Amino acid sequence: QVQLVESGGGLVQPGGSLRLSCTASGSIFSMYRMGWYRQAPGNERELVALIFSGGATNYADSVKGRFTISRDNAKNTVYLQMNSLKPEDTAVYHCNARLNVRNYWGLGTQVTVSS
């Protein structure tokens, strides 16, 4: 069992930045594919970014060039650096850990982009 705890959300003005963190329990964090997903009210959950165990990354087109996903295996933590934030980035951001049939979610952290 893996527990994921997100932090770093909040209220930010358009054009601002936030860094989200997700810390995982367990001893094989480095083997997991880690991801950030988001869900806005009335919308389905959507992929934001993935980082694989080897360090390769993948991004949704809507965040390419603005968001950066990274991981620190020594700290069991994955990060999402979000720059040039837009109102449409407003959502609850969830951390995901996946390894074969194992699939875990965090409870999420709210990001609100508004002036």
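The values are calculated or read from the model by the stated rules, or taken from the named source; none is laboratory data. As the structure is a computational prediction, the values presented were derived from the model and not from experiment. Positions of Cβ are backbone-derived with ideal geometry, glycine not excepted, and every protein chain shown enters the neighbour counts. Heavy atoms of the whole protein, side chains included, go into the accessibility calculation; ligands, DNA and RNA do not. Shrake-Rupley method; radii C 1.70, N 1.55, O 1.52, S 1.80 Å.
Residue-wise test of (1) within 14 Å of the chain's Cα centre (by Cα); (2) not in a loop (DSSP other than H, G, I, E, B).
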{"residue": "22", "(1), (2)": "yes, yes"}
{"residue": "26", "(1), (2)": "no, no"}
{"residue": "30", "(1), (2)": "no, yes"}
{"residue": "38", "(1), (2)": "yes, yes"}
{"residue": "43", "(1), (2)": "no, no"}
{"residue": "49", "(1), (2)": "yes, yes"}
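Listed here are the residues, each with its yes/no results for (1) over 15 Å from residue 106 (Cα atoms); (2) among the β-branched types (Val, Ile, Thr); (3) surrounded by 15 or more Cβ atoms within 10 Å (Cβ to Cβ); (4) without any contact (Cβ under 8 Å) to a residue 24 or more places away in the chain.
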| site | (1), (2), (3), (4) |
| --- | --- |
| 5 | no, yes, no, no |
| 17 | yes, no, no, no |
| 28 | yes, yes, no, no |
| 38 | no, no, yes, no |
| 45 | no, no, yes, no |
| 68 | yes, yes, yes, yes |
| 74 | yes, no, no, yes |
>> Within region 92-107, does at least one residue satisfy the condition of being in contact with a helix residue (DSSP H, G or I) (Cβ under 7 Å, 6 or more places away or on another chain), at pLDDT below 95 and open to solvent by less than 70 Å² (accessible area, probe 1.4 Å)?
In response: yes
